[in-house]
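Novice: Okay, handing you the structure first.
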Amino acid sequence: MQVVLGPRQVGKTTMIRQVLQDLTIANQFFSADMAAGSQSAWIARQWQTARVIMQAQHLQEYVIVFDEIQKIPQWSEAVKKEWDADTFSGVNIKVVLLGSSRVLIEKGLGESMAGRFEQIRMTHWTYPEMHEAFGFSLDQWLYFGGYPGTASLIGDEDRFCSYINGAIIDATINKDILLDSPVSKPALLRQTFELGCLYSGEILSLTKLLGQLQDSGNTTTLSGYLQRLSDSGLLCGLQKYGNDASRRRASVPKFQVYNNALNTAVKQLDFDGVRQKPDVWGRIAESGIGAYLASQSFSRRFELYYWREKSWEVDFVMKYRGRTIALEIKTNNESRSKGLEVFQEKFHPYGAYIIGSAGIPFETFLTMDLLALIA
């Protein structure tokens, strides 16, 4: 089976429909939206329909797609049962599963589907993709992010913010996270997300964050909420890089959105006004580069950290197959980073780079293969 995973509103369903249009193999597309409230027997009925068509038309193979699969209760057990029956009988039905909730899909896969699927990981659109499809400039992508559904809205920032808050933030928190498992303090979860967006690209202890929240809680609760937000493709807390895994887990997090649209929509900024303020724009740009790295770490399967010791800091550290590279984001013309130099002396990374006009230009960095830097 092929399982398409990714955050909301990045085009998973659109992509699959386009593939099916070009496919020469007979296929059917089923959406669980059409079976709201149905039990897992709905999956069995659709699967049996495909078997009957195969037999009647003497087909050697067939493709079935289940969209919004997470809306069917106990979907993973039903899919496992039908898949195992086909495997035993030698029925060549190829299966694609996808849905709007990465959290619920991954939970179902982990419960009963081990060894039966491969993942196709989709993530937020990159700068080259938004530029080619919608003509985004680099500054527009850094500010408005990589949700294709917002491309027609960037001229009206009120509508842009409404889309991000409704179709992305509210839908993910209310339909994915809160339905996944009980959350004792939903308001605290939402506040954690909003404050994390405000501090995107910054290092902030959970204790200090807790002091700014209106609802009561503790750092363990915040850490758990932050993990759920990360699993949903909204916001993560990067760990400090180090050789000691236990110290990494206990480190002060660096907050980072997965898409900079979340950052700018929560902050209610003004695109034209922000670009006239170099200090504010610098933070927006750094968060935008960080969002790209965070989302690519999901799809390209590398680890992402930050590093800081005393007054020295490295913005991002990528780790892939035992190799590390250090990245320092510069929005000015500085060509030297003491943090990179100290990091190199301490850890001897595979590479260390300044990303900006004095090193690898933003536009070049955003169009290159990240793993080529480290592989």
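Novice: Provide the packing ranking of 115-125, 196-206, i.e. peptides ordered by the mean count of other C-beta atoms within 10 Å per residue, highest first.
Specialist: Result, highest mean first: 196-206, 115-125.
Novice: Need the full-extension length gain, residue 15 to residue 158, defined as separation in residues times 0.36 nm minus the C-alpha distance. One decimal, nm.
Specialist: 48.6 nm
Novice: Starting from the Cα of residue 375, step 7 Å along the direction of its Cβ; do the same at residue 187; then give the gap between the two resulting points in nm.
Specialist: The two pseudo-label positions are separated by 4.9 nm.
Novice: Taking 7 Å along the Cα-to-C-beta vector as the label spot, tell me the residue 167-residue 39 distance in nanometres, rounded to one decimal.
Specialist: 3.6 nm
Novice: Hey, what D do you get for the range 243-375 in µm²/s if you plug the Kirkwood alpha-carbon radius into Stokes-Einstein at 37 °C and 0.692 mPa s?
Specialist: My calculation gives 209 µm²/s for D.
Novice: Between residue 333 and residue 198, what is the FRET efficiency for a Förster distance of 30 Å, r being their Cβ-Cβ separation, to the nearest 0.05?
Specialist: Efficiency at R0 = 30 Å is approximately 0.60.
Novice: Taking the chain as the reference, fit the longest principal axis to its C-alpha atoms, fit the long axis of helix 186-198 to the helix C-alpha atoms, and give the angle between the two in degrees, 0 to 90, nearest 10.
Specialist: The angle comes out near 50 degrees.
Novice: Here is a further query. With both bridge residues required to lie in the chain, what share of the DSSP beta bridges run antiparallel, to the nearest 5%?
Specialist: If I count the DSSP bridges inside the chain, around 40 percent turn out antiparallel.
Novice: Treating the Cα atoms of the chain as identical point scatterers in vacuum, please give the log10 of the normalised Debye intensity I(q)/I(0) at q = 0.07, 0.08, 0.09, 0.10 Å⁻¹, two decimals.
Specialist: Each listed q maps to, in turn, -0.35, -0.46, -0.57, -0.70.
Novice: Just to be sure I understand: if I project the alpha-carbon convex hull of the range 26-164 onto a plane and average over all orientations, what area do I get in nm²?
Specialist: For the range 26-164, averaging the hull's shadow over all directions gives 10.8 nm².
Novice: Testing the spin-label approximation: label points 7 Å from Cα along Cα→Cβ at residue 55 and residue 300. State their distance in nm.
Specialist: Taking the simple label geometry, residue 55 and residue 300 are separated by 4.9 nm.
Novice: Let me ask something else about it. Calculated from DSSP H runs of 4 or more alone, at -39500 (n - 2.57) each and per residue, what is the 222 nm mean residue ellipticity of the chain, nearest 500?
Specialist: That calculation yields -13000 deg cm²/dmol at 222 nm.
Novice: Multiply the residue gap between residue 250 and residue 344 by 0.36 nm, knock off their C-alpha separation, and tell me the result in nm, one decimal place.
Specialist: Separation in residues times 0.36 nm, less the Cα-Cα distance, equals 31.5 nm.
Novice: If you stretched the chain out fully between residue 213 and residue 367, how much longer would it get, using 0.36 nm times the residue separation minus the C-alpha to C-alpha distance?
Specialist: Length difference between fully extended and current span is 51.6 nm.
Novice: Kindly state, to the nearest 0.05, the FRET efficiency for residue 272 paired with residue 84, given R0 = 56 Å and r defined as their beta-carbon distance.
Specialist: The computed FRET efficiency comes out at 0.45.
Novice: Can you give the angle from 0 to 90° between the axis of helix 338-347 and the longest principal axis of the chain, with both taken from C-alpha atoms, to the nearest 10?
Specialist: For 338-347 against the chain, the angle is about 60 degrees.
Novice: Nearest 10 degrees is fine. How inclined is helix 12-22 to the longest principal axis of the chain, computing both from alpha carbons?
Specialist: Orientation of helix 12-22: about 50 degrees from the principal axis.
Novice: Further, regarding this structure: Once neighbouring chains are kept in place and the probe is 1.4 Å, which whole percent of the accessible area of the chain is contributed by carbon and sulfur?
Specialist: Carbon and sulfur together cover 47 percent of it.
Novice: Using the heavy atoms of the protein chains and a 1.4 angstrom probe, tell me the accessible area per residue for the range 1-44 in square angstrom.
Specialist: Per residue, the range 1-44 has 50 Å² of solvent-accessible surface.
The values are calculated or read from the model by the stated rules, or taken from the named source; none is laboratory data. Being a predicted model, the structure only gives us computed values, none of them experimental. Using ideal geometry, Cβ is built from the backbone for each residue, glycine included, and neighbour counts are taken over all protein chains shown. The area values use the complete protein model at the heavy-atom level, side chains included, leaving out ligands, DNA and RNA. Shrake-Rupley method; radii C 1.70, N 1.55, O 1.52, S 1.80 Å.
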